[in-house]
Amino acid sequence: MKYNVAIIGSGPSGFYAAQALFKSEINVFVDMFEKLPNPYGLLRGGVAPDHQQMKSVSKSYESIAQNDQFRFFGNVNVGQDVKIDELKSYYHAIICCIGAESDRKMNIPGEDANGSHTATEFVAWYNGQPEYQNHKFNLNGKVAVVIGQGNVAVDVTRMLTKSIDELSQTDMTKCAIDALTNSSIEHVYMVGRRGPVQAAFTKLELKELGNLSGVNLNIHHDLTLSKSDQSEIEQVSKSRKNIELLTELKSKSLDKSANKHIHLMFNTSPVEIQTTNDRVSSIRFEKNELFGDPCSQKAIGTGEYFTLNCDLVFRSIGYKGVPLIGVPFDEKRGVIPNQMGQVVDLNNTIVPQLFASGWIKRGPSGVIGTNRHDSFETVDTCLDYLRTIDSEINNEIIDLLNKRNVTYVTFDGWKKINDYEINQGANVGKPREKVTSVKEMLKLASM
Ligand code: NAP
């Protein structure tokens, strides 16, 4: 018996789902659909350019793609080029691994002002995502503010302050390197609504901020801990490690010759992004106090306000999933409702054939490796479902794509783009020079 499974999305959760399917005892054929011509999702478009070690996991995805029973269909937008309901007649099961493409909102005045961007936009731009290449960021001012203290906020802060010499050896796009070369940003404020114990960043990422050459790290907190904070660091090793490192970094004397400055501010919430001449010029903040039990302390405004002048704002308060037509969606949480990866509708009734994995299943948290466990769980549920099926299915999806004139990119087509990027990068001492136009990628793939 031959089973056909479609995976929508080619990021880490998609590839781990394929891996788990191939490890099973059943005879499964996997077709992976991706709306861009290239695979790898956030591994290519989200992971910071100076984290090449992390990106090397793509080698293992490449070997999954070599399986004879795997096909890649890049440049196919499921929902537009082909509907989920149509795919249901070509596949026994469909696993949605579409990640979280949008952002949480702060819901404060001025949030969408000129010069206020989501971190997602900036990250996608410097990582060469085609649809973000026309975005412009005003790097002519002196002060940037990053709202939020997760690892994405750390990435953005680091990209704004790291030396161009170092960035030039990464796979950051030429266009972004050129823009950052001309940047006059000197101060980057990374602002958290809660305290240092609750900061969402992890120790390794904080350490990198403390070790940037020519950059001072200013910690605007005396690191005195409340009773609840004390209890929290005894229970949560991430918080304890962060506090130990913050204490060490705070004791370091500042470098007087540094020309860039990172400021970590805590217990502070933006209440309004203000503009002058239709451009961001300042943020009004309110100071917070924390209330509640250890590990669930909440920030409450104290009524004390202050204003910080700035030229550029990045909102980095977390990603949010977007719906896929034909699949149930929990608007509030921004996820596909599911039970162990099996999609359910909003009344908790199982939706046959549909499964979900990764950020669209559990929300936008965790590192690349977290998706492996997540996808293996989904595939276990999916295999239980497949074992109940005893008839084969017509899998002539190529006929449908051809009939609709969809120019799809195979994995061999992607390899041509990949080789080209690596060769172009080698000429200038970079791991790769990314192709940032879909048109050019399609041309390379068809050569
Ligand atoms: P995140 O870790 O969830 O951090 C979100 C930050 O936004 C938190 O500081 C949160 O504060 C704050 N926040 C949320 N709502 C807010 C509001 N209304 N006003 C002010 N602040 C608000 O999200 P992320 O940074 O986008 O990262 C997503 C996932 O990817 C994380 O698991 C992260 O570790 C991972 N990632 C890993 C790496 C790496 O390994 N190097 C790099 C990038 C991303 P509260 O805590 O108070 O809610």
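The values are calculated or read from the model by the stated rules, or taken from the named source; none is laboratory data. Because the structure is predicted, anything quoted here is derived from the model rather than measured. Positions of Cβ are backbone-derived with ideal geometry, glycine not excepted, and every protein chain shown enters the neighbour counts. Keep in mind that these areas ignore ligands, DNA and RNA; they rest on the heavy atoms of the full protein, side chains included. Shrake-Rupley method; radii C 1.70, N 1.55, O 1.52, S 1.80 Å.
Ignoring aspartates and glutamates fewer than eight residues from Lys162 along the same chain, the ones with Cα atoms less than 15 angstrom from its Cα are Asp50, Asp171, Asp178, Glu186, Glu205, Glu208. Our analysis of the chain gives Rg over Rh at 0.99, with the two radii drawn from alpha carbon positions and Rh computed by the Kirkwood formula.
Can you bin the stretch 342-410 into rounded, prolate or oblate? Criterion: square roots of the alpha carbon gyration tensor eigenvalues sorted a ≥ b ≥ c, rounded for a/c under 1.5, prolate for a/b above b/c, oblate for the rest.
It is oblate, given that a/c is not under 1.5 and a/b is not larger than b/c.
Once backbone amide H atoms are built at 1.01 Å from N, Val344 has Asn338, Gln339, Val351 as its partners under 5 Å, excluding neighbours fewer than 5 places away on the same chain. Remark: the stretch 42-191 carries a charge dipole of roughly 120 debye about the Cα centre, counting +1 on each Lys and Arg Cβ and -1 on each Asp and Glu Cβ.
May I ask you to give the percent of accessible area on the stretch 271-329 that is carbon plus sulfur, with a probe radius of 1.4 Å? Its accessible area is 46 percent carbon and sulfur atoms.
Averaging Cα coordinates gives a centre for the stretch 73-118 and one for the stretch 125-161; these two points are 21 Å apart.
Ordered from longest to shortest, the equivalent ellipsoid semi-axes for the stretch 217-342 are 31, 25, 17 Å, each the square root of 5 times a Cα gyration tensor eigenvalue. At a probe radius of 1.4 angstrom, the accessible area of the chain per residue rounds to 45 square angstrom. Taking each residue as 0.36 nm, the span from Lys287 to Lys443 lengthens on full extension beyond its C-alpha to C-alpha distance by 50.8 nm.
Residue order by solvent-accessible surface for Ser282, Ser89 is Ser89, Ser282, largest first, with ligands and nucleic acids left out and a 1.4 Å probe. Here is how the number arises for the chain: DSSP H runs of 4 or more residues each give -39500 (n - 2.57), the sum is divided by the residue count, and the result at 222 nm is -9000 deg cm²/dmol.
Overall, the accessible surface of the stretch 50-92 at a probe of 1.4 angstrom is composed of carbon and sulfur to the extent of 44 percent.
About its Cα centre, the dipole of the chain is roughly 620 debye, where the only charges are +1 on Lys and Arg Cβ and -1 on Asp and Glu Cβ.
Residue order by solvent-accessible surface for Lys443, Lys207, Lys260 is Lys443, Lys207, Lys260, largest first, with ligands and nucleic acids left out and a 1.4 Å probe. Accessible area of Ser163 (1.4 Å probe, protein heavy atoms only, ligands and nucleic acids ignored): about 40 Å².
Structure note, pairs Lys55/Lys203; Lys241/Lys287; Lys142/Lys361: Cα-Cα distances above 30 angstrom occur for Lys142/Lys361. Cross-link check: pairs Lys256/Lys298; Lys23/Lys434; Lys23/Lys59 evaluated at a Cα-Cα cut-off of 27 Å; pairs beyond the cut-off: Lys256/Lys298; Lys23/Lys434. The residue among Ile389, Met32, Asn427 whose Cα reaches farthest toward the positive pole of the charge dipole of the chain, with charges on the beta-carbon of Lys, Arg, Asp and Glu, is Asn427.
Rolling a 1.4 Å probe over the protein heavy atoms of the stretch 348-447, with every protein chain left in place, gives an accessible area that is 51 percent carbon and sulfur.
Summing Cβ point charges (Lys, Arg +1; Asp, Glu -1) relative to the Cα centre of the stretch 166-219 gives a dipole of roughly 340 debye.
So what does the Cα-only Debye profile of the stretch 2-140 read at q = 0.14, 0.19, 0.20 Å⁻¹, as log10 I(q)/I(0), no solvent term? So the normalised log intensities work out to -0.74, -1.12, -1.20.
Solvent exposure of Arg240, expressed as accessible area, is near 90 Å², computed with a probe of 1.4 Å over the protein chains only.
A dipole drawn for the stretch 280-373 from +1 and -1 charges on Cβ atoms has a positive end, and of Phe355, Ser365, Pro328 the residue lying farthest that way is Phe355.
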